[in-house]
Amino acid sequence: MKEIVLGKTKICVPQNGFGALPIQRVSHEKAKELLIKAYEGGMRFFDTARAYSDSEEKIGAAFEGIPRENYILNSKTMAKTPEDFWKDLESSLSNLKTDYIDVYQFHCANQVYKPNDSTGMYEAMLEAKKQGKIRHIGITAHKLGVAKEAIASDLYETLQFPLSYLSSEKELELISMCKEHDIGYIAMKGLAGGLINQSVPAMAFMQQFDNVIPIWGIQKESELKEWLSFMDKTPKMDEEIKHFIEKEKKELAKDFCRGYTAAGKMACKHFL
């Protein structure tokens, strides 16, 4: 499997990330088993968030004793005030049993925080980076307009956004935009919230891009085994897979949930 460089962060990892939202649904023992197997199998990028209940805590327990420089932690805050930002960050550091988080992101942002916008949120990120508690500043979004504004601002080092072979052409444009601005693209919902049930075309689609790291939601050993099998034998896009994807797009794209409801709750049953 090829390694990708996550934009201006210069983080270099295999193009196969572990999405740790689902491990909140399994026991601590099972989560540790999955995380260790993922690490031993070659995964190095682990995505979590303060909002994912005990996901951070399970990662911290699993990786205690493993040299910190050997893996990348990506976490997030949904805080709306600097005070809550610092509470979230300190909680995440404690849960993850680490002195720093590699990539820290504004989670599901409905606005693009900027310096001097009166919120103090971007300044909080800068201060956390200055203190060495985070290494890189990122943002996650579910709205195309927010994502484009974040990229254009050149204030963020990573963008996390839904991406799958069901994505629209306008959404796919974000990939080249991120590359132009040297922003790392973290792809969530690679299985389109559960609509896609074939891992080979999903991975072959992602493999086309050299600035994208997909994070796969994992809570079962069978799922992990499948994604790890691609470390040595990564699916490549071919005519058969292209034909399959085109057929899937015609049948499924209209059902793909890309974001949140107006109330801020997840609109999809699954969030992978």
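A short reminder: the numbers here are calculations on the coordinates, not readings from a lab. Since the model is a prediction, treat every value here as computed from it, not as a measurement. Cβ: placed from backbone, ideal geometry, glycine included. Neighbour counts: every protein chain shown.
Positive-end ranking of Met121, Tyr52, Ser92 along the dipole of the chain, with charges on Cβ about the Cα centre, is headed by Tyr52. For region 3-255, the alpha carbon convex hull comes to 117 Å³ per residue, rounded to a whole number.
Are any of the pairs Lys97/Lys129; Lys130/Lys179; Lys148/Lys236 more than 21 Å apart by Cα-Cα distance, and if so, which? The pairs that break the limit, which is 21 Å between Cα atoms, are Lys130/Lys179; Lys148/Lys236. With the convex hull of the Cα atoms taken as the outline of region 4-141, the averaged projected area works out to 8.0 nm².
Computed from the C-beta positions of Val200 and Ala152, the FRET efficiency with R₀ = 35 Å rounds to 0.50.
The share of C-alpha pairs in region 1-79 whose separation exceeds 15 Å stands at 55 percent. Which lysines, if any, have their Cα less than 16 Å from the Cα of Lys143, not counting same-chain residues under 8 positions apart? Straight-distance partners of Lys143: Lys170, Lys189, Lys265. Amide H contacts for Met237 (H built 1.01 Å from N in the peptide plane; partners 5 or more residues away or on another chain; cut-off under 5 Å): none found.
The label-point distance for Ser53 and Ile66, in a model that sets each label 7 Å from Cα toward Cβ, rounds to 2.3 nm. The translational diffusion coefficient of region 50-111, from Stokes-Einstein at 10 °C and 1.306 mPa s with a Kirkwood hydrodynamic radius over alpha carbon pairs, comes to 132 µm²/s.
Here's the picture: a label point sits 7 Å out from the Cα of Lys97 along the beta-carbon direction, and within region 45-79 the residues with their amide nitrogen under 15 Å of it are 55-71. Projecting the Cα positions of Gln24, Ala62, Ile72 onto the charge dipole of region 3-255 (unit charges on Cβ atoms of Lys, Arg, Asp and Glu, taken about the Cα centre) puts Gln24 furthest along the positive direction. Between Asp84 and His28, the simple label model (points 7 Å from Cα in the Cβ direction) yields a spacing of 2.8 nm. Summary of packing: across the peptides 52-59, 216-223, the per-residue average of other C-beta atoms within 10 Å ranks them, highest first, as 52-59, 216-223. In region 3-255, a dipole from Cβ-located charges (positive for Lys and Arg, negative for Asp and Glu) runs towards its positive end, and of Val146, Leu174, Pro201 it is Val146 whose Cα lies farthest in that direction. For region 141-180, a simple Cβ point-charge model (Lys and Arg +1, Asp and Glu -1, everything else neutral) yields a dipole of about 120 debye relative to the Cα centre.
With all pairs of different C-alpha atoms in the average, the Kirkwood value for the hydrodynamic radius of region 99-239 is 16.3 Å. Residues of region 186-228 falling in the label zone of Phe244, defined by backbone nitrogen less than 17 Å from a point 7 Å along Cα to beta-carbon, are 190-192, 194-208, 223, 226-228. Give me the dipole magnitude in Debye, nearest 20, for the chain about the Cα centre, with unit charges on the beta carbon: positive for Lys and Arg, negative for Asp and Glu. Dipole of the chain, to the nearest 20 debye: 340 debye. Helical content alone sets the calculated 222 nm signal of the chain at -11500 deg cm²/dmol, taking -39,500 (n - 2.57) per DSSP H segment of four or more residues and averaging over every residue.
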